[in-house]
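The values are calculated or read from the model by the stated rules, or taken from the named source; none is laboratory data. Note that the structure is predicted; figures quoted are calculated from it, not measured. Glycine gets a Cβ as well: all are built from the backbone with ideal geometry, and neighbour counts include every protein chain shown. We work out accessible area using only protein heavy atoms, side chains counted, and drop any ligands, DNA or RNA first. Shrake-Rupley method; radii C 1.70, N 1.55, O 1.52, S 1.80 Å.
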Amino acid sequence: MSKRTKNHVKNKLNDENKVKELENNNDQMQDIIYANDSNEVLSNPDIDDEEDDEFDRHFGDNLFSNDISSKIGKINNKQWNISNYKDPILKSVSEYSTEQISEVKENVGNSELNLSSLKIKEKLLCSWKKLNESNDSVFTELQTGLFHHINKYRDVLFTNRSVENSKEIRQIYALHALNHVFKEFRDQGFTRPKVLILLPFRNSALNLAEIIIKLSGTEQQENRKRFFDSYGISPDEEKIDINKPETFKGNIDDMFRIGIKLTRKSIKFYAEFYNADIILASPLGLRMIIGNEGDRKHDFDFLSSIEILIIDQCEIFLMQNWDHIGYIFNHLNLIPKKSHNCDFSRVKNWYLDGKAKYFRQTIMISSYLTPEINSLFNKQMLNIAGKLKIKDQYEGTIVDVIPQIKQIFTRVECQSLIEADDARFKHFIEKSLPALQKLNPKLPHTLIFIPSYFDFIRIRNYFEDYDYNFTSICEYTSAPDVTRARSNFLNGKRNIMLYTERFYFFRR
């Protein structure tokens, strides 16, 4: 966008603002008061040294446009400098940078040595020490390793999440998100929301909200009871099936979105998105409010100024609808369609130039790496500060399995990834199925486990067309039909059962 065009956009939209009446006066007055309070904290020399603050280094006004353009050019041309190394805590790390990477890695093993340079707000740090008081040091080793990188506003793909370390990971990214919000000037983006956190279920959102409340140290939480009632479950429900996997304990509704507004002394849940600082949402919940092209309500301007995107429990989204993730990425950091009372004279230039996606920090947390997650790392994580892929090497356990029956693994050859689904289906009906029928034509008590719902539909239709004696269970099967299908399969009334991976995942 040329300077002349940029000024024209500013003037036109500022004129539009003058015509509109101000709305939500109370909220806006509170925002002004809070912005002033935030400025006072920023100017406190005991807390911040702006020259050494990674926040100002990444988002500040002292960035040279030539340097930015050079880095963006390298990113678009995939000219990353890549360094692979082993870390005693993070395991296998691949570092991507637009600059020369030093072969000497920093020693971040002792969190106490680096604490003063992290520029954490004093109020947050006090709350953090209370939250993390069970640990001997301020950070655990994993938290130290992760915060060292995310505090520099690098993109991070961390694929070593587990039930055991999930709490310390969630705490450290919550600390980073709040630290960012408390440093941010409210009116230097198109819209107010700066942090978007995607989570699979309401139980995860509830757990994160509890951490945010404790870290913020706020005296008042508006709409707290409504939030906890909506995102939690009753004590009686908690007693049902206490042996559920940790992921599915609590409220596992995957349709939600909520805005959280932070002021110096309070947190407001259910804040209107354009008045919120942090948005917690499931991919489905956010997808529904964005809508589709051509819909009367197709609103995504509130995503225009997202500066930190956090995707937690990423592997679970593969069991939901992965397309929603891509759809959300495609609607992040776009020029808004409406002004939303924005003072464009204060908006950072790289927002106006449509380059916000190169400044956005993306943090993805997963239990393992998949081709889909790796694709997001390659195509959507475009941060000029660089990015890291953190994973572990697994030796595998298949050699430790002592089966009672023979196991056969077959490689299906195909010319391209696009042809993979057709090649796999063709191999199944032309080779795998006939081979099984040679052993017993009726295929009694045969369970066919199918990862993809689309493959499930395809095989189910094929079995119906050729009159196979089968039953099927998928994630959309009603409870009575599940009971009936299991009974018929157990009693031999149906020889074959088609069984989807998603059903197994959600109904373990």
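Identify, from the list ILE89, ILE120, ILE72, the residue that is at pLDDT 90 or above, open to solvent by less than 30 Å² (accessible area, probe 1.4 Å) and in a loop (DSSP other than H, G, I, E, B). Steps first, answer last, please.
Values: ILE89 fails: open to solvent by less than 30 Å² (accessible area, probe 1.4 Å); ILE72 fails: in a loop (DSSP other than H, G, I, E, B).
So the residue among ILE89, ILE120, ILE72 that is at pLDDT 90 or above, open to solvent by less than 30 Å² (accessible area, probe 1.4 Å) and in a loop (DSSP other than H, G, I, E, B) is ILE120.
Filtering segment 462-480 down to residues that are within 20 Å of GLU430 (Cα to Cα), aromatic (Phe, Trp, Tyr) and out of contact with any Leu (no Cβ under 7 Å at 6 or more places or on another chain), which residue is surrounded by the fewest Cβ atoms within 10 Å (Cβ to Cβ)? Let's see the steps before the verdict.
Kept after step one, since they are within 20 Å of GLU430 (Cα to Cα), are these residues of segment 462-480: 462-470.
Filter again for aromatic (Phe, Trp, Tyr), leaving 462-463, 466, 468, 470.
From what's left, out of contact with any Leu (no Cβ under 7 Å at 6 or more places or on another chain): 462-463, 466, 468.
Numbers: TYR462: 14, PHE463: 19, TYR466: 9, TYR468: 18.
Ranking the candidates gives TYR466 first.
Whether any residue in segment 258-266 is closer than 27 Å to ASN66 by Cα and in contact with a strand residue (DSSP E or B) (Cβ under 9 Å, 6 or more places away or on another chain) is what I want to check.
no
Restricting attention to segment 354-381, which residues are part of a loop (DSSP other than H, G, I, E, B) and out of contact with any Asp or Glu (no Cβ under 8 Å at 6 or more places or on another chain)?
Residues of segment 354-381 that are part of a loop (DSSP other than H, G, I, E, B), as a first pass: 354-355, 359-360, 366-370, 380-381.
Correct list: GLY354, LYS355, LEU369, GLN380.
Would you point out which residue out of THR247, THR263 is modelled with pLDDT under 95, closer than 28 Å to PRO371 by Cα, surrounded by 18 or more Cβ atoms within 10 Å (Cβ to Cβ) and of a type outside the set (Phe, Trp, Tyr)?
THR247
For segment 448-500, give me the residue count where each residue is in a strand (DSSP E or B) and not aliphatic (A, V, I, L, M).
Summing the residues that are in a strand (DSSP E or B) and not aliphatic (A, V, I, L, M) in segment 448-500 gives 6.
Quick one: count up the residues across segment 36-66 that are under 29 Å from the mean Cα position of the chain (by Cα), modelled with pLDDT under 90 and closer than 24 Å to LYS379 by Cα.
1
Restricting segment 153-181 to residues that are small (Gly, Ala, Ser) and in a helix (DSSP H, G or I), which is surrounded by the fewest Cβ atoms within 10 Å (Cβ to Cβ)? Please lay out each step first, then the result.
Initially, segment 153-181 is screened for residues small (Gly, Ala, Ser), giving 162, 166, 174, 177.
Adding the requirement that they be in a helix (DSSP H, G or I) leaves 166, 174, 177.
Numbers: SER166: 18, ALA174: 26, ALA177: 25.
Per the stated criteria, the residue is SER166.
Condition test on ILE289, is it touching a helix residue (DSSP H, G or I) at 6+ places or on another chain (Cβ under 9 Å) and crowded, with 17+ Cβ neighbours inside 10 Å?
Working: touching a helix residue (DSSP H, G or I) at 6+ places or on another chain (Cβ under 9 Å): yes; crowded, with 17+ Cβ neighbours inside 10 Å: no.
Criteria not met by ILE289.
Restricting attention to segment 189-201, does a residue exist that is farther than 30 Å from SER339 by Cα and free of Cβ contacts under 8 Å to residues at least 60 places away in the same chain?
Quick first cut of segment 189-201, residues farther than 30 Å from SER339 by Cα only: 200-201.
Restricting the remaining residues to those that are free of Cβ contacts under 8 Å to residues at least 60 places away in the same chain gives none.
So far as segment 189-201 goes, no, none of its residues is farther than 30 Å from SER339 by Cα and free of Cβ contacts under 8 Å to residues at least 60 places away in the same chain.
Could you identify the single residue in ILE450, ILE457 that is of a type outside the set (Asp, Glu) and either open to solvent by less than 30 Å² (accessible area, probe 1.4 Å) or in contact with a strand residue (DSSP E or B) (Cβ under 8 Å, 6 or more places away or on another chain) (or both)? Steps first, answer last, please.
On the way: ILE457 fails: either open to solvent by less than 30 Å² (accessible area, probe 1.4 Å) or in contact with a strand residue (DSSP E or B) (Cβ under 8 Å, 6 or more places away or on another chain) (or both).
Selected residue: ILE450, the only one of ILE450, ILE457 that is of a type outside the set (Asp, Glu) and either open to solvent by less than 30 Å² (accessible area, probe 1.4 Å) or in contact with a strand residue (DSSP E or B) (Cβ under 8 Å, 6 or more places away or on another chain) (or both).
Test TYR351 against the stated conditions and say whether it is in contact (Cβ under 8 Å) with a residue 12 or more places away in the chain, in a helix (DSSP H, G or I) and either under 23 Å from GLY60 (Cβ atoms) or more than 16 Å from the chain's Cα centre (by Cα) (or both).
Values: in contact (Cβ under 8 Å) with a residue 12 or more places away in the chain: yes; in a helix (DSSP H, G or I): yes; either under 23 Å from GLY60 (Cβ atoms) or more than 16 Å from the chain's Cα centre (by Cα) (or both): yes.
Answer is yes for this residue.
What pairs come up if the first residue lies in segment 67-78 and is free of Cβ contacts under 8 Å to residues at least 40 places away in the same chain, the second is surrounded by 12 or more Cβ atoms within 10 Å (Cβ to Cβ) and not in a helix (DSSP H, G or I), and their beta carbons are under 6 Å apart, counting only those six or more places apart or on different chains?
Going by the 6 Å Cβ cut-off, the qualifying pairs are LYS74/THR98.
I'd like to check something: does segment 481-498 contain any residue that is over 30 Å from ASN251 (Cα atoms), open to solvent by 70 Å² or more (accessible area, probe 1.4 Å) and among the hydrophobic types (A, V, I, L, M, F, W, C)?
Yes.
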